[in-house]
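Written out below as structure tokens is the structure these notes cover.
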Amino acid sequence: MGLVNLRKIRRAKQEIGGREVAVVISPRPEQTRLGTTVWQTFKSLLTGMKITISYLFRPSTVVTQQYPENRETLQMFDRYRAQLKLVYDEAGGRLCNCCQICENACPNQSIKIEWTKNPDTKKKELERWIWRMDSCTFCNACVQACPSNSITFGNEFESAVYDRRLLVYTLNDKAGPDAKVWSAIEDPAEREKLMRKMDRYSGPIPLSGTSLPGNPSGKEG
Amino acid sequence: MTAFSSFLFNYLNGVTANVYEPVSVATRAAEVWAHEPWLAIGWLALGMAVMLGFLVVIGMGLIYGERKIAGHFQCRLGPMRVGWHGLLQVIADTLKLLVKEDVVPAKADKVLHVLAPVLAIMATLLALAIVPATPWFQLIDVNIGVIYVTAVGSIGVLGVLIGGWSSNNKWSLLGAMRAGAQIISYEVSATLALLIIVLFAGSLQLSTIVESQADGWWIWRSHLAGIVAFFTFLIASTAELNRTPFDLPEGESELTAGFHTEYSGMRFAFFFLAEFINMFVASAIAATLFLGGWMPFQIAGLDGFNAVMQAIPPGVWFAVKTGGLIFLLMWFRWTFPRLRIDQLMGLEWKFLLPVGFVNLLFAAVLILMGWYFAPIPA
Ligand code: SF4
Ligand code: SF4
């Protein structure tokens, strides 16, 4: 029988694809004598039992949340992926510069970036940042692909709706230039003039399906 | 009917005063059958009622307990919604199973499909009947008790095999075949472990085995042999119960649900209940043979301590020991990863079986030389 000597497991850094990556190196199972094998087996089983019983007797380790009773005090986790959101800098400028890399990275075509070119500045200006939550698999590829870290996943998980078409969002609430232009302007009033209000659900019909009765922002079609 | 009510009155009086001799219910019924048939029927009815109550109460208690304990072992809470801390969850689930549609696959062998869960629960009931819970209440007490336990235990695997075969489903069949191979293999080790206690106690009758432990439980008194036999039996009976780490017949990650994939409604409930009651029976048998059954914990010489221990009723002793073993089985289940089928077979034939044989030989030598702590009852 072969056993993996847990003491010989070590952390290391390895170069993978030109980058330093932290890895764990585990040794091959070693051939051991029968006595050692039996002893090690029982020892490791007992170690496991010690860990589980410690959970049983420490109710503080319970991670279950009694939602919705504790809706007020609910603890969410940083890495939880609920809703995609755009990232803004301190001045409130949107970081996304419409490079569309996330759109190409998405395996499900769940992202569509609509932009226009400002004839004066020759800069791209965001029109709509459309996210189709209905076809998103929350794979995080878009977040990782974005070169300027301008999107992230938030914790707002209560996104249930009665119609699937309501899951196609326009993420930006204002259309206009990105943070480089926006934050360079000092006067808040001047800044606001550059932006146009955007509605969450007024996206183009092919993306959000046919028009929704009772949803004023959806176009007829 | 007056005979029956007076019987009940006398019996309960006897129980509270603890004056009844250790005689099983079946024996009592047989004794009075000739001159007082009503009394005999009363005894049998009492036996059956207790059996039914046992089945339902223990089944539900174990299922609730398992779910709660499993939850906390895994940093969860377990059932919390139905009733206080989910206490009524099991009742809700039972009701759901009762009213659920009973689906039989189109190409299944109908007769066998119906028969299988009945066989499984029957084996469980038969084994449950022999458990000596207290000195004054045991349903049947045959003189070949240990053989009876292993024999009726094997009817259960018949239910599993038939269930898997008749479902006409590859997962069911694979699960059933695994169960068959596994139970047949581990039965050998379990029986070898039981034999050691039979050697020490000099009897196959469960009540006699319990009484032979009045001065000390066999797990201590037989030097190392008892401890080794106890652990062998524990491992082997976990495997016979199809519980993790030996739950390959069900192996949900590979076989959907194994032999009961095609069962629903009440028939599934039968399999499920049989599994949990089997866990109780295995723990009760282990407690009876190795831990003294309902016998209190005694240390020779410490009279004060012994008197305190004897004041605790035997039913409580039995419940505590059995409950402890059940907890141990649950602890195993929620800690250990599942074995591979070749590891499973290797563990039995290359490790447990040789250990069992050597242990049996060691125990035989111990008895021949008289090297154990207390004398064998004559
Ligand atoms: S998480 Fe994945 S599927 Fe969803 S939008 Fe981003 S890349 Fe597309
Ligand atoms: S979110 Fe990032 S990747 Fe996507 S368009 Fe904006 S800047 Fe480019």
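The values are calculated or read from the model by the stated rules, or taken from the named source; none is laboratory data. What you see is a predicted model; the values in this text were computed from it and never measured. Glycine also receives a Cβ, built like all others from the backbone with ideal geometry; neighbour counts cover every protein chain displayed.
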Does the range A:72-84 contain any residue that is within 16 Å of ligand 2 (Cβ to nearest atom), farther than 29 Å from A:A160 by Cα and surrounded by 16 or more Cβ atoms within 10 Å (Cβ to Cβ)? no
Search the range A:74-94 for residues being touching a residue at least 40 places away in the same chain (Cβ under 8 Å) and within 16 Å of ligand 1 (Cβ to nearest atom), and hand back the single one that is nearest to the other protein chains (Cβ to nearest Cβ). A:Y80
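Filter the range A:10-43 for residues that are assigned to a helix (DSSP H, G or I) and either loosely packed, with under 12 Cβ neighbours inside 10 Å or facing chain B (nearest Cβ under 10 Å) (or both) and give the result. Show your work before the answer.
Step one: filter the range A:10-43 for residues assigned to a helix (DSSP H, G or I), giving A:34-43.
If the condition is that a residue be assigned to a helix (DSSP H, G or I) and either loosely packed, with under 12 Cβ neighbours inside 10 Å or facing chain B (nearest Cβ under 10 Å) (or both), then A:L34, A:G35, A:T37, A:V38, A:T41, A:F42, A:K43 are the ones that fit.
Could you say which residue among B:G202, B:G258, B:G226 is surrounded by 19 or more Cβ atoms within 10 Å (Cβ to Cβ) and under 27 Å from B:V358 (Cα atoms)? Full working, then the answer.
Working: B:G202 fails: surrounded by 19 or more Cβ atoms within 10 Å (Cβ to Cβ); B:G258 fails: under 27 Å from B:V358 (Cα atoms).
Going through B:G202, B:G258, B:G226 in turn, the sole match is B:G226.
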Just to be sure before I move on: is B:S189 hydroxyl-bearing (S, T, Y), in contact with a Leu (Cβ under 6 Å, 6 or more places away or on another chain) and either closer than 29 Å to B:F268 by Cα or in a helix (DSSP H, G or I) (or both) in the structure I sent? yes
For the range B:57-90, which positions are away from every other protein chain (no Cβ under 14 Å), under 24 Å from the mean Cα position of the chain (by Cα) and among the small types (G, A, S)? B:G59, B:G61
Is it the case that the range A:180-187 has a residue that's exposed (fewer than 13 other Cβ atoms within 10 Å of the Cβ), among the β-branched types (V, I, T), away from chain B (no Cβ under 14 Å) and away from ligand 2 (no atom under 16 Å from the Cβ)? no
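Are any of the residues in the range B:48-56 of a type in the set (F, W, Y), more than 14 Å from chain A (Cβ to nearest Cβ) and part of a helix (DSSP H, G or I)? I'd like the intermediate steps shown before the answer.
Within the range B:48-56, the subset of a type in the set (F, W, Y) is B:54.
Add one more test, that the residue is more than 14 Å from chain A (Cβ to nearest Cβ), and what stays is B:54.
Narrowing further to those that are part of a helix (DSSP H, G or I): B:54.
Yes - at least one qualifying residue is present in the range B:48-56.
Could you identify the single residue in B:F280, B:F305, B:F268 that is part of a helix (DSSP H, G or I), at pLDDT 85 or above and surrounded by fewer than 22 Cβ atoms within 10 Å (Cβ to Cβ)? Walk me through how you get there before you give the answer.
On the way: B:F280 fails: surrounded by fewer than 22 Cβ atoms within 10 Å (Cβ to Cβ); B:F305 fails: at pLDDT 85 or above.
After applying the criteria, what remains is B:F268.
Can B:F332 be described as touching a Gly at 6+ places or on another chain (Cβ under 7 Å) and surrounded by 15 or more Cβ atoms within 10 Å (Cβ to Cβ)?
Working: touching a Gly at 6+ places or on another chain (Cβ under 7 Å): no; surrounded by 15 or more Cβ atoms within 10 Å (Cβ to Cβ): yes.
In short, no.
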So which residues in the range B:136-156 are of a type in the set (V, I, T) and in contact (Cβ under 8 Å) with a residue 60 or more places away in the chain? B:I140, B:V142, B:I144, B:V146, B:V149
Tally of residues being under 25 Å from B:F231 (Cα atoms) and at pLDDT 85 or above across the range A:1-41: 1
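How about the range B:340-369: which of its residues are part of a helix (DSSP H, G or I) and either among the charged types (D, E, K, R) or touching a His at 6+ places or on another chain (Cβ under 6 Å) (or both)? Give the steps one after another, and end with the answer.
Within the range B:340-369, the subset part of a helix (DSSP H, G or I) is B:341-369.
Once the filter is applied, which keeps residues that are part of a helix (DSSP H, G or I) and either among the charged types (D, E, K, R) or touching a His at 6+ places or on another chain (Cβ under 6 Å) (or both), the range B:340-369 yields B:D342, B:E348, B:K350.
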So, in the range B:334-359, how many residues would count as being more than 10 Å from chain A (Cβ to nearest Cβ) and under 16 Å from B:D247 (Cα atoms)? 8
Pair list, Cβ < 7 Å and 6+ apart or interchain, from the range B:93-109 residues that are hydrophobic (A, V, I, L, M, F, W, C) to residues that are assigned to a helix (DSSP H, G or I): B:L97/B:G265; B:L97/B:M266; B:L97/B:F268; B:L97/B:A269; B:L98/B:M266; B:V104/B:K110; B:V104/B:H113; B:A108/B:S166
Here are B:S207, B:S154: which of them is among the hydroxyl-bearing types (S, T, Y), crowded, with 20+ Cβ neighbours inside 10 Å and not in a loop (DSSP other than H, G, I, E, B)? B:S207
Return a yes/no flag: does the range A:136-157 have any residue that is within 12 Å of ligand 2 (Cβ to nearest atom) and touching an Asp or Glu at 6+ places or on another chain (Cβ under 7 Å). no
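Any residue at all in the range A:139-161 that's more than 16 Å from ligand 1 (Cβ to nearest atom), surrounded by 12 or more Cβ atoms within 10 Å (Cβ to Cβ) and touching a residue at least 24 places away in the same chain (Cβ under 8 Å)?
Start the filter on the range A:139-161 by keeping residues that are more than 16 Å from ligand 1 (Cβ to nearest atom), which leaves A:158, A:160-161.
With the extra rule that they be surrounded by 12 or more Cβ atoms within 10 Å (Cβ to Cβ), the set shrinks to none.
No: the range A:139-161 contains no residue that is more than 16 Å from ligand 1 (Cβ to nearest atom), surrounded by 12 or more Cβ atoms within 10 Å (Cβ to Cβ) and touching a residue at least 24 places away in the same chain (Cβ under 8 Å).
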Count of residues meeting criterion [closer than 22 Å to B:A214 by Cβ and within 13 Å of the chain's Cα centre (by Cα)] in the range B:107-144: 4
Can you give me the number of residues within the range B:60-79 that are of a type outside the set (G, A, S) and in contact (Cβ under 8 Å) with a residue 60 or more places away in the chain? 6
By residue number, the members of the range B:47-83 that are at pLDDT 85 or above and among the aromatic types (F, W, Y) are B:Y64, B:F73
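Scanning for something away from ligand 1 (no atom under 16 Å from the Cβ) and away from chain B (no Cβ under 14 Å), does the range A:59-72 turn up at least one residue?
So the first thing to find is which residues in the range A:59-72 are away from ligand 1 (no atom under 16 Å from the Cβ), and the list is A:59-72.
Those left that are additionally away from chain B (no Cβ under 14 Å): A:71-72.
Scanning the range A:59-72, I find at least one residue that is away from ligand 1 (no atom under 16 Å from the Cβ) and away from chain B (no Cβ under 14 Å), so the answer is yes.
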